[in-house]
């Protein structure tokens, strides 16, 4: 899996054997924290994107991947959901509700990826301190 370093225009993607080694080292350092973040990202991909993403050809739904991103200036490590297709930002879908042909400017990217990601961040803020404390306790006692 590739590793992204930086954010925005200055983002660099490291792939291949070097990217795999770097990702393995970062995941080894983070331990159960990386596992918890990956589990949340996988749940979003399965429950939201996999089941609810609007399908015309299926290319955009199948292209979603998770990537480890490191921001060197703040030493922030995060799991990022990304799609190589730019058109996913501009997709609009029909309203799910009372009228069949009613449409609204609803973006599947926002509804099925961004909102669940923000909810996962809130959930992780509450659970990660306990996971970190347990990992430290196990490390000290063994």
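May I ask you to list the residues in region 15-34 that are at negative phi and not in a helix (DSSP H, G or I)?
Start the filter on region 15-34 by keeping residues that are at negative phi, which leaves 15, 17-30, 32-34.
Scanning region 15-34 gives a single hit, 15.
Entry remark, region 1-34: residues being surrounded by fewer than 12 Cβ atoms within 10 Å (Cβ to Cβ), more than 30 Å from residue 134 (Cβ to Cβ) and more than 17 Å from the chain's Cα centre (by Cα) number 6 in total. The residue that is surrounded by the most Cβ atoms within 10 Å (Cβ to Cβ), among those in region 35-56 that are in contact with a helix residue (DSSP H, G or I) (Cβ under 7 Å, 6 or more places away or on another chain) and not in a helix (DSSP H, G or I), is 53.
Only a single item in (1) exposed (fewer than 15 other Cβ atoms within 10 Å of the Cβ); (2) touching a helix residue (DSSP H, G or I) at 6+ places or on another chain (Cβ under 9 Å); (3) within 25 Å of residue 135 (Cβ to Cβ) is not met by residue 74, and it is number (2).
Condition check ((1) within 15 Å of the chain's Cα centre (by Cα); (2) in a helix (DSSP H, G or I); (3) at pLDDT below 90; (4) within 30 Å of residue 10 (Cβ to Cβ)) across all residues:
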{"residue": "89", "(1), (2), (3), (4)": "no, yes, yes, yes"}
{"residue": "99", "(1), (2), (3), (4)": "no, no, yes, no"}
{"residue": "112", "(1), (2), (3), (4)": "yes, yes, no, yes"}
{"residue": "115", "(1), (2), (3), (4)": "yes, yes, no, yes"}
{"residue": "137", "(1), (2), (3), (4)": "no, yes, yes, no"}
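The values are calculated or read from the model by the stated rules, or taken from the named source; none is laboratory data. Model, not experiment: these values are computed from the prediction. Glycine also receives a Cβ, built like all others from the backbone with ideal geometry; neighbour counts cover every protein chain displayed.
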